[in-house]
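A quick write-up on the structure given underneath.
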Amino acid sequence: MSERFFGRTGGNHNEAWEARLRDAARAFPYPPTPDIASVVRAQLAEEAGRKAGLPVSRRLVWAALIVLLLLGGLLAVPQVRAALVEYLQIGAIRIFLVEPTPTSTPLPSTATAQPTPTPIASLLDLAGETTLAEASQQVDFPIRLPTYPADLGQPDAVFAQELGGPVVVLVWLDEADPSRVRLSLHQLGPGTFGDKGDPGRVEETVVNGRRAIWAEGPYVLQFRRGNQVDYDLRRLVEGRVLIWTEGEITYRLETDLSLAEAVRVAESLR
Amino acid sequence: MSEHPQPADHKQQTLISQARQGDAAAWETLVGQHQEAVFRLAYLLLGDADEAKDAAQEAFIRAFRALHQFDTTRPMRPWLLRITTNLVYNRRRAVGRYLAAIQRLVRLTPEPVMAPTPEASLPSEESALLWQAVRRLNPADQEIIYLRYFLELSVAETAEAANIAPGTVKSRLSRALGRLRQVIAREFPGLWKEHVA
């Protein structure tokens with residue numbers, strides 16, 4: 001190619017510049033190309049299976065019902081209830097456990113324990129993006145913002161979702177790495193349901209003098225799939241989740257902060 | 001490199017035909033042949049390997065669904081790259097506020113410009129600086145430079161991928177490179193200093 005790109009300078013000069021550009025572009029250090037082909041094939045197979053069955057949202061409802069029926073049956077037997085399965089209920093969120101109910105004394109190991117790996121959602125896929133002002137119009141409860149940490153400010157993204165009732169998801173991005181979520185605060189209004197599985201390590205704690213739960217693992221959110229909205233078990237932050245209630249509202253703070261710091265954020269809501 | 005886009009060869013046409021019948025294995029083979037170019041373009045546009053992987057996967061899923069619209073007399077790679085670019089742009093539009101925040105942050109905290117010294121001017125350092133410079137350009141300028149220089153598409157393939165006439169490729173490249181040169185002179189003076197007018 002011998003196009004002249006810059007009329008104000010000589011042709012040889014431009015060609016040399018373009019050659020340098022071409023060499024640098026050719027030498028660009030791309031990350032290794034992942035195996036996309038097999039993932040795409042698996043996804044197509046999954047979609048084919050999904051078409052053959054019920055839509056995902058319907059299947060989710062049925063799966064939840066089956067879980068509840070199973071739990072109901074198990075819970076009817078006292079020995080089984082004690083030994084096998086229990087759940088915690090806090091506000092709108094029910095956390096299914098396979099271990100006995102946690103004690104109010106945190107286990108020493110949890111302070112440094114790493115969360116179990118679960119899919120971290122991309123903000124690009126979260127459904128219901130809106131603004132804080134619009135979200136305030138959509139829900140009939142006041143949307144509260146943390147005043148701690150002091151530099152937090154207004155959320156960088158706001159999502160209004162529907163999980164049996166209105167849910168507002170506020171997201172703050174990491175200033176140093178804006179592709180990463182620093183903090184997310186979910187405010188679940190009346191009528192919302194939130195079943196949480198695989199909670200990992202669970203501790204009881206206190207927010208504003210009331211019982212709260214410090215857990216980890218994914219939870220149900222709405223995601224966009226093409227032109228449709230669907231439900232999935234995900235999380236936004238590689239960290240843990242503090243759940244507490246105030247009145248009819250259930251709050252879920254997702255953060256990689258320590259428990260003490262998370263409680264401080266929770267108690268700063270205004 | 002040919003300046004004329006090559007249609008899908010007989011083997012590819014057979015695979016496309018099978019994939020159109022819903023044969024996921026045939027599509028997997030085709031994806032394997034083009035995944036590198038698609039992933040790389042997505043990476044250049046998004047700047048994040050995980051996001052690029054997601055976008056590339058979605059691009060191939062969309063292409064599979066739109067396969068009946070694909071003209072087998074045309075080359076497949078530019079068609080896939082066009083889908084990828086559109087997908088990335090649509091995602092950007094859908095989360096405009098999010099990306100605007102990122103862009104604001106990037107502008108507020110520009111990456112430190114490390115002028116490569118003669119002994120430190122490794123090709124990958126130059127390439128990384130060049131990429132930073134290209135990312136300062138508008139999306140249309142970025143696209144044409146990525147297709148033509150980073151992915152080394154021919155003018156004809158670039159025209160197919162960007163959905164423009166071949167003659168327009170040259171004029172758009174000319175303008176994009178002019179603006180790139182200004183960005184380099186202004187923000188990356190250490191890069192190819194001797195070539196900046």
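What does the highest-first list of B:56-66, B:131-141, B:15-25 look like by mean Cβ count within 10 Å? Don't skip to the answer; put the middle values down first.
On the way: B:56-66: 21.4, B:131-141: 17.5, B:15-25: 15.5.
Top to bottom by mean Cβ count within 10 Å: B:56-66, B:131-141, B:15-25.
Across the residues of A:127-133, average count of Cβ atoms on other protein chains within 10 Å?
Values: counts 0, 0, 5, 1, 1, 0, 0.
For peptide A:127-133, the averaged partner shielding equals 1.
Could you put B:Glu157, A:Glu175 in order, starting from the residue whose Cβ has the fewest other Cβ atoms within 10 Å? Spell out each step's value before the answer.
Values: B:Glu157 25, A:Glu175 14.
The fewest-first ordering by Cβ neighbours comes to A:Glu175, B:Glu157.
I'd like the mean, over residues of B:48-61, of how many other protein chain beta carbons sit within 10 Å of each residue's own Cβ.
Working: counts 4, 5, 5, 3, 5, 6, 5, 1, 5, 7, 5, 2, 7, 6.
Counting other chains' Cβ atoms within 10 Å and averaging over B:48-61 gives 5.
Among B:His10, B:His34, rank each residue by its count of other Cβ atoms within 10 Å, from fewest to most, as a rough exposure measure.
Ranking B:His10, B:His34 by Cβ neighbours within 10 Å, fewest first, gives B:His10, B:His34.
Other chains' Cβ within 10 Å of B:140-153 residues: what's the mean? Let's see the in-between values first.
Working: counts 0, 0, 0, 0, 0, 2, 2, 0, 4, 8, 7, 3, 3, 0.
Rounded to a whole number, the mean comes out at 2.
Highest mean first, what order results for A:141-148, B:67-74, A:239-246 on Cβ atoms within 10 Å? Before the final figure, lay out each step's value.
Details: A:141-148: 15.6, B:67-74: 12.1, A:239-246: 23.6.
In descending order of packing, they fall as A:239-246, A:141-148, B:67-74.
Where the eigenvalues come from the Cα gyration tensor of the stretch B:112-191, what are the semi-axes √(5λ) of the equivalent ellipsoid, largest first, in whole Å?
Details: eigenvalues 136, 34, 16 Å².
After diagonalising the Cα gyration tensor, the semi-axes are 26, 13, 9 Å.
What FRET efficiency do you get for A:Glu46 and A:Ala176 if R0 is 45 Å and r is their Cβ-Cβ distance, rounded to the nearest 0.05?
Working: r = 36 Å, r/R0 = 0.79.
Computed FRET efficiency for A:Glu46 and A:Ala176 comes out at 0.80.
Starting from the Cα of A:Ser268, step 7 Å along the direction of its Cβ; do the same at B:Arg186; then give the gap between the two resulting points in nm.
It is 3.7 nm.
In what sequence, highest mean first, do B:76-82, B:150-156 appear when ranked by Cβ atoms within 10 angstrom?
Working: B:76-82: 23.0, B:150-156: 20.9.
Highest to lowest by the protection proxy: B:76-82, B:150-156.
What residues qualify as long-range amide H neighbours of A:Ile90, i.e. H under 5 Å apart, gap of 5 or more or another chain, H built at 1.01 Å from N?
A:Ile95
Counting other beta carbons within 10 Å of each Cβ, put B:Trp192, B:Trp27 in order, fewest first.
Working: B:Trp192 21, B:Trp27 24.
So the residues, fewest neighbours to most, are B:Trp192, B:Trp27.
Of B:Leu153, B:Ala185, B:Ala128, whose Cα points farthest to the positive end of the dipole of the stretch B:112-191 (charges on the beta-carbon: +1 Lys, Arg; -1 Asp, Glu; origin at the Cα centre)?
Going by the Cα projections, it comes out as B:Ala185.
No value in this document is a laboratory result; all are computed from the given coordinates. Predicted model only: the values in this text are computed from it and were never measured. Using ideal geometry, Cβ is built from the backbone for each residue, glycine included, and neighbour counts are taken over all protein chains shown.
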